[in-house]
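Below: one structure in structure tokens.
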Amino acid sequence: MPSESATITVQPNAHGLIPAFSSKITAGVCDRAVGSVAVVVINPDIPTPRCQTVAGSQSLEVVNRTGDFGSTGRTAVIRWDPYPAVSLGPGQAATFSGQFGAYLAPGDHLVSISVYAGGGAEIYLVDATQTTGPP
């Protein structure tokens, strides 16, 4: 893993609620995100956690750790509506500004991560009422 890391702050393209792809969790079991930021770690094999239940007051950070565990790090492209696609090199992180409840409808949403062949991590919004306004 590189000794340097960088954090990218991403601003949304548009405002408005993004509909969920499902009203129910599709990953089976979801961890509850703790704190003000739900963190998704891109590991060489699967994201951690695979699914998180979040509140409207929380936001998202994605960290590329594909170079951990003796693996060769890979660049990952993150797609998370309504934000533009972001490329993260090994050791980089992206912080997506704005609270979930300001731009997501309640339900299950996918953080698309290119190293998982179009799959990724699920964000399940249960409480969209706790926000401070649009991102």
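The values are calculated or read from the model by the stated rules, or taken from the named source; none is laboratory data. Quick caveat, the model's predicted, so the values are computed rather than measured. All Cβ positions, glycine included, derive from the backbone under ideal geometry; neighbour counts span all protein chains shown. Heavy atoms of the whole protein, side chains included, go into the accessibility calculation; ligands, DNA and RNA do not. Shrake-Rupley method; radii C 1.70, N 1.55, O 1.52, S 1.80 Å.
Here is a list: Arg74, Arg50. Which entry is among the charged types (D, E, K, R), open to solvent by 10 Å² or more (accessible area, probe 1.4 Å) and under 12 Å from Glu122 (Cβ atoms)? I'd like the intermediate steps shown before the answer.
Working: Arg74 fails: under 12 Å from Glu122 (Cβ atoms).
None of the others qualify; the one that does is Arg50.
What's the number of the condition Asp81 fails, among (1) open to solvent by less than 50 Å² (accessible area, probe 1.4 Å); (2) within 23 Å of Gly16 (Cβ to Cβ); (3) not β-branched (Val, Ile, Thr)?
Here Asp81 clears every test but (1).
Got a sec? Which of Val41, Val115, Val29, Val62 is closer than 27 Å to Gly16 by Cβ and either more than 14 Å from the chain's Cα centre (by Cα) or of a type in the set (A, V, I, L, M) (or both)?
Going through Val41, Val115, Val29, Val62 in turn, just one is closer than 27 Å to Gly16 by Cβ and either more than 14 Å from the chain's Cα centre (by Cα) or of a type in the set (A, V, I, L, M) (or both): Val62.
Then there's this: For the stretch 13-30, state whether one or more residues are outside any strand (DSSP E or B), in contact with a Cys (Cβ under 7 Å, 6 or more places away or on another chain), surrounded by 13 or more Cβ atoms within 10 Å (Cβ to Cβ) and modelled with pLDDT of 85 or more.
yes
Next up: Just a yes or no: is a residue in the stretch 102-121 in contact with a Leu (Cβ under 7 Å, 6 or more places away or on another chain), modelled with pLDDT under 90 and either among the β-branched types (Val, Ile, Thr) or within 20 Å of Ala33 (Cβ to Cβ) (or both)?
Yes, there is a match, as at least one residue in the stretch 102-121 is in contact with a Leu (Cβ under 7 Å, 6 or more places away or on another chain), modelled with pLDDT under 90 and either among the β-branched types (Val, Ile, Thr) or within 20 Å of Ala33 (Cβ to Cβ) (or both).
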